[in-house]
Amino acid sequence: MRSTDAELHRRILAELESEPSLKDQEIGVAVHDGVATLSGYVDSYAQKAVAVRAAARVSGVTAVALGLHLRAPGQRGRPDTEIAHAVADELQSRFQHGDELRVKVEDGWVTLEGEVELFTYRQTSEEAVRHLPGVRGVTNAITVKPPELVEDIRAKVEAALMKLAHLDMKRISVETEGNKIILRGTVSSPAEERQAREAARSVAGEVVVEDQLLIAT
């Protein structure tokens, strides 16, 4: 009776764990249709050879694909699969747009793909994962949706300012520049300037609000 991939996976892991020279190594195992793929990091070519022999001697394994890499001296690596899970978990736990992104990892190099509404989302996503353990670098292929969203936020900012009865909206303009909202015009006092700025930021979310309001003298 042919062993299932899940059974082969368990048996390969057991064989690897039985090898004393592999005790402290970071080796990932995937099995598909009897073909075992080893990934991760080891300290020497000898350990790579031991890992291949251990997987190959498991009955039912038809071939072994080698994705193991040598760890640089003094460096601890992480399997790409583990890094990918860590990156995905970090994005989903920190950002509301985390589910919209796709993560690829090859030799510790992370590629982020997908589409987000704001440029700040694109930037902060990269910053959030760049320093995770095992990440060697990040290619940010995230694209930003067209700027219609900023126009919607501009309308919300104007509505918020209109609720401040003491403001003269004839003297204030709300403009957009890329993914940024700009307040221009004049107000009567520092208090009015502060209230206008805070009202705009309260509805702008992560869109940058640039305050260029002048105080009339």
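Side notes on the structure shown:
- Only residues that are aromatic (Phe, Trp, Tyr) and either in a strand (DSSP E or B) or more than 23 Å from Lys180 (Cα to Cα) (or both) were counted across region 109-132, and they come to 1.
- Lone qualifier among Thr120, Thr81 - being open to solvent by 30 Å² or more (accessible area, probe 1.4 Å) and modelled with pLDDT of 80 or more: Thr81
- Test: residue in region 10-28 that is under 30 Å from Gly114 (Cα atoms), in a strand (DSSP E or B), under 24 Å from the mean Cα position of the chain (by Cα) and among the β-branched types (Val, Ile, Thr): yes
- All positions within region 160-183 that are open to solvent by 50 Å² or more (accessible area, probe 1.4 Å), farther than 16 Å from Val209 by Cα and either touching a His at 6+ places or on another chain (Cβ under 6 Å) or not in a helix (DSSP H, G or I) (or both): Lys163, Ala165, His166, Asp168
- Selection within region 1-42: residues that are modelled with pLDDT under 80 and within 20 Å of Asp107 (Cβ to Cβ). The member of this set that is most open to solvent (accessible area, probe 1.4 Å) is Glu26.
- One residue stands out among those in region 184-201 that are of a type in the set (A, V, I, L, M) and under 32 Å from the mean Cα position of the chain (by Cα): the one that is surrounded by the fewest Cβ atoms within 10 Å (Cβ to Cβ), which is Ala199.
- Any pair with Cβ under 8 angstrom, 6 or more apart, that starts in region 130-153 at a residue that is over 22 Å from Arg71 (Cα atoms) and ends at one that is of a type in the set (Asp, Glu) and modelled with pLDDT of 80 or more: Asn140/Glu126; Ala141/Glu113; Ile142/Glu113; Ile142/Glu115; Ile142/Glu126; Thr143/Glu115; Val144/Glu115; Lys145/Glu115
- In region 50-64, the residues that are under 9 Å from Ser3 (Cβ atoms) form Cβ pairs under 9 Å with partners that are of a type in the set (Asp, Glu) and crowded, with 18+ Cβ neighbours inside 10 Å, at six or more places apart or across chains, as follows: Val58/Glu15.
- Among residues of region 85-97 being free of Cβ contacts under 8 Å to residues at least 24 places away in the same chain and assigned to a helix (DSSP H, G or I), the one that is surrounded by the fewest Cβ atoms within 10 Å (Cβ to Cβ) is Ser93.
The values are calculated or read from the model by the stated rules, or taken from the named source; none is laboratory data. Just so you know, these numbers come straight off a predicted model, no measurement behind them. Methodologically, a virtual Cβ is constructed for each residue, glycine included, from the backbone with ideal geometry; neighbour enumeration extends over all protein chains shown. Just the protein is used for accessible areas: all its heavy atoms, side chains included, with ligands, DNA and RNA removed. Shrake-Rupley method; radii C 1.70, N 1.55, O 1.52, S 1.80 Å.
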